[in-house]
Amino acid sequence: MPTYDYVCDGCGHAFELFQSMTDSVKKTCPKCKKKKLRRLIGAGGAIVFKGSGFYKTDYRSESYKKGAAADSGGKSEDGSKKSDSGKSDAGGGAGSKGSE
């Protein structure tokens, strides 16, 4: 059931009324009791998503994030390459051929 906006042209009282679409339009103002009530035309009923939980990344577990990082070649979220030892990949570590 939608919510309709009403305004009284007699006293200026404005309010919202939750009523069925098949209900008749209200004519009498609940405040001043004059028959000057008018239903306003609204922007329409739209779905409004507020808060968290509406994006695909909101409910990702830590294990999923670690697996996704491993699948992406070990890159971190900022796009830089991670290294297990904390050193850059260009260094002459124990596995490089140039240190024999």
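Worth pointing out:
- Ranking of VAL7, VAL25 by neighbouring Cβ atoms within 10 Å, starting from the fewest: VAL25, VAL7.
- With the highest mean first, a sort of the peptides 11-17, 66-72 on other beta-carbon atoms found within 10 angstrom per residue produces 11-17, 66-72.
Since every read-out is calculated from the coordinates, none of them should be taken as a lab result. No experiment lies behind these values; they were computed from the predicted model shown. Reconstructed Cβ throughout: ideal geometry from the backbone, glycine too, with neighbour counts over all protein chains shown.
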